[in-house]
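Just below is one structure, and these are the notes that go with it.
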Amino acid sequence: MATLPGPRSLPLVGHSLELRKDPTGFLVRTRQECGDMARISVGWIPVVLAFHPDQVRQILVENHKSFIKSRGVRLTNLILGNGLLTAEGATHRRHRKLIQPAFQKRRIEAYAPDIRQCTSNTTSRWKDGQPLDLHLEMMRLALNVATRSLFNADVEKEAPEVGQALDRAMADFNKVVSNPLGRLLVKLPTPVGLRFRAARRKLDRIVYRIINERKKNPGDRGDFLSILFSSSDEMGSMSEKQIRDEAMTIFLAGHETTANALTWSLYLISEHPDFALKLREELRGLPEIIEPSVELPLTRALFAESMRLYPPVWAIGREAIEDVTIGAHKFEKGTTFLLSPYVTHRHPDFWEHPEEFRPERWLDSREVNSQPRFRYFPFGGGPRICIGEPFAWMEGVMVLAQILRRWRFEILEEPSINALVTLRPANGLKARPVRL
Ligand code: HEM
C-alpha cells in the first residue's frame, strides 16, 4: 500500500477535512491526479481508493469472501442495529435468505397500487405555481410508499419527525466517520452523542409502534413485515431484537435512497426541456392507471442517468479480513477500501461525455451492455447487492411517469451536493410546479 500514490495530507488528521468539506470533489480530484488506485487517510487510518471497474468487480464479487463492510458502514449499526445492511457472515446469509421472498417479482408488483396511491396523495397537495421543496416532497412520498407497501402501516403524520431525525443523524454521521474515535464520540455524552441518541429514540418509537400494532393484529398481509414475523428456519424464528433491526434497516434504506434518486431525476428533467418533451410524448395516451408491466424506456433512462450522475449511495466501503491482491497490488489484512459509484460513473475512460446528462445512452443496447460491467453500480454488486433494487426501479419509473405526465417544474435555486451517508441536495430542491 505504501507504494500507492496519494494527495498530500496533514499529520494526524490526514484528509479528514477535505472529506468533510467536499468528499465527492476530493475523490474526483484524487482520481485525476493519482489514477485509478490511490491512498488517502481518514485521521491516521489509511484508506485505499479503487475507482477502476475491474477493481470494483474484484472487491465486490470475485474476492467478496476476503472482505467485510468497512468501519464507516459498521458505524451505521448505532441506529440500524445488526440488520441486513450491517450483518456479516452466517447471520447475513441466513437473514438474506429469510427476507428475499419479500422482494420477489410477484410480491413487488403487488405493491404497485400503494405506489400509485401515495403519488396521488402527494401531487394532490401541490398548487399550480406555488413553490415547494421537491426533496422534502420526495422524502415523504418514498417514506409513505415504503411503510404502506412493506409494513402495511401509515406514517403520514410522523413523516416530518422521521425527516428531522434522519437529517440530524446524517449531519453528525460524517463527523463520526471522519473521526477515528467516532464510536466513542457517540457513546459519551458529547453533543453529537446526545443528538444521535435522541434521533435513534425517535426512530425507535415509530418502528416499535409499527411492530407492536402488527403483533396485536397478526396474520399474513403479504408484506415484508409478515415475512419477518413468519420467517423461520432450522435455527428457529427471529428474535424481537432481530425483527426490530431488520425493520429499522428496511424502514430507512427503503426510502431515503429512492427519494434522492427521484429528486435528482426531477431536477435533471427540469433542466433539460428537449428531453422532457420527448418523455412526455412517451407518457401521452397511457391509461389512467399505469401498470408496472408497461414499458417506458425514456422514463427508465431518466432514472438510470440520474443514478449515474448522482448515485444515492456515492461511496461503498470494505475492510479486508485476510491478505488480498487487487489489480497488481497486494494488501494486508485490515486494509480499508473505498469504492465510489460517483467517481466511477463519471470516469472518462468508460463513458462518453461523462459529465453530461445524456439519458439517450440508455436506449442503445450496445451502450447498455457495454463493458466493463462495473462502470455502473448504483446498487453495489455481488452477494451484498441491494436487496431492494427491483423495488426501487419499479417505484422510480412509476412515480416519475405519474408525476411527469401532469407536471413540469421550474427550479428556483441551483442545488449543490451534500454527500452525507447518501447524496442529497444540500438545501433541498426549491421548485415551482406547473400543471400541464
Ligand atoms: C435508488 C434506490 C436505492 C439505491 C441507489 C440503493 C443502493 C444500495 C447499495 C449501493 C447497496 C450496497 C451497499 C454495500 O455493498 O455496502 C444497498 C444495500 C441494501 N439496500 Fe439498497 N438502494 C436503494 C433502494 C433500496 C430499497 C427500496 C430497499 C428496501 C426496500 C433497500 C434495501 C437495502 C438493503 C437491506 C441493503 C443491504 C443488503 C445486503 O447487504 O444484503 N435499498 N443498497
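The values are calculated or read from the model by the stated rules, or taken from the named source; none is laboratory data. Just so it is clear, the model here is predicted, and its values are computed rather than measured. In this analysis, Cβ positions are derived from the backbone assuming ideal geometry, glycine residues included, and neighbour counts consider all displayed protein chains. Please note that ligands, DNA and RNA were not included when accessible areas were found on the heavy atoms of the full protein model with its side chains. Shrake-Rupley method; radii C 1.70, N 1.55, O 1.52, S 1.80 Å.
How would you rank 300-311, 53-64, highest first, on the average number of other Cβ atoms within 10 Å across their residues? List each step's numbers first, then the result.
Values: 300-311: 24.2, 53-64: 18.9.
Result, highest mean Cβ count within 10 Å first: 300-311, 53-64.
Taking Cα centroids, how far is the stretch 1-73 from the stretch 98-135 in Å?
36 Å
Is it possible to state the helix-based mean residue ellipticity at 222 nm for the chain, with each DSSP H run of 4+ residues giving -39500 (n - 2.57), the sum divided by total residues, to the nearest 500 deg cm²/dmol? What is it? Mind dumping the intermediate values first?
On the way: 20 runs with 212 residues, N = 436.
My calculation for the chain gives -14500 deg cm²/dmol from helical runs alone.
Using a Gaussian network for the chain with springs between C-alpha atoms less than 10 Å apart, which of these wobbles most: Pro273, Pro390, Pro312?
Pro273
Please report how far the C-alpha centroid of the stretch 177-228 lies from that of the stretch 301-367, rounded to the nearest whole angstrom.
So the two Cα centres are separated by 30 Å.
Run through every distinct alpha carbon pair of the stretch 284-325 and return the Kirkwood hydrodynamic radius in angstroms, one decimal place. Kindly include the intermediate steps, with their values, before the conclusion.
Working: mean 1/r = 0.0706 Å⁻¹.
Its Kirkwood hydrodynamic radius stands at 14.2 Å.
Roll a 1.4 Å probe over the protein heavy atoms and report the accessible area of Asp172 in Å², nearest 10.
Accessible area, nearest 10 Å²: 0 Å².
Sort 119-130, 98-109 by packing, meaning the average of other beta carbons within 10 Å per residue, with the highest value first.
Working: 119-130: 12.8, 98-109: 15.6.
Highest mean packing first, the order is 98-109, 119-130.
Keeping every protein chain present and rolling a 1.4 Å probe, give me the accessible area per residue for the chain in Å².
Details: 19450 Å² over 436 residues.
Heavy-atom SASA per residue in the chain reads 45 Å².
Can you compute the charge dipole magnitude of the stretch 16-435 about its Cα centre, using +1 on each Lys and Arg Cβ and -1 on each Asp and Glu Cβ, nothing else charged? Give it in debye, rounded to the nearest 20. Before the final figure, lay out the partial values.
On the way: 62 positive and 52 negative charges, 256 e Å.
So the magnitude is around 1240 debye.
Which net charge results when you count Lys and Arg as +1 and Asp and Glu as -1 among the other residues whose beta-carbon is under 12 Å from that of Ile68?
Working: positive: Lys65, Lys69, Arg71, Arg74, Arg318, Lys333, Arg384; negative: Glu88, Glu319, Glu322.
Net of charged neighbours comes to +4.
Tell me, what is the percent relative contact order of the chain, built from C-alpha pairs under 8 Å that lie six or more residues apart? Write down the numbers at each step before the final one.
On the way: 627 pairs, mean separation 110.0, N = 436.
Relative contact order comes out at 25 percent.
If amide H atoms are built 1.01 Å from N in the plane of the peptide, which residues on other chains or at least 5 residues away come under 5 Å of the amide H of Ala153?
Residues meeting the criterion, in which the H sits 1.01 Å from N, are Arg148.
Tally Lys/Arg at +1 and Asp/Glu at -1 over every other residue whose Cβ is under 9 Å from the Cβ of Ile206; what's the total? Don't skip to the end; give the middle numbers.
Working: positive: Lys202, Arg205, Arg209; negative: Glu158, Glu161, Asp204.
For residues surrounding Ile206, the net value is 0.
Given the options Leu188, Leu268, Leu17, state which has the largest fluctuation in a GNM of the chain using a 10 Å cut-off (strictly under) for Cα springs.
Leu188
Please report, in Å, the Rg and the Dmax of the chain, where both are computed over Cα atoms only.
21.4, 62
Using amide H atoms built in the peptide plane, which far-off residues or other-chain residues are under 5 Å from Arg39 H to H?
Answer set, sorted by chain and number: Gly6, Leu49.
For a quick check of understanding: with a 1.4 angstrom probe and all protein chains in place, what accessible area in square angstrom does Arg280 have, to the nearest ten?
60 Å²
With a 10 Å cut-off between alpha carbons and a GNM built on the chain, which of Lys278, Lys175, Lys69 moves the most?
Lys278
Hey, any idea what the orientation-averaged projected area of the convex hull of the stretch 108-218's Cα atoms comes to, in nm²?
Details: hull surface 38.2 nm².
Dividing the Cα hull surface by four gives the mean projection, 9.6 nm².
Just want to confirm a number: the relative contact order over the stretch 1-44, from Cα pairs under 8 angstrom separated by 6+ residues, in percent.
Details: 45 pairs, mean separation 26.7, N = 44.
Once normalised by length, the contact order is 61 percent.
Where the Cα atoms of the stretch 367-436 are projected onto their three principal axes, how long is each span, largest first, in whole Å?
Result, largest extent first: 42, 28, 25 Å.
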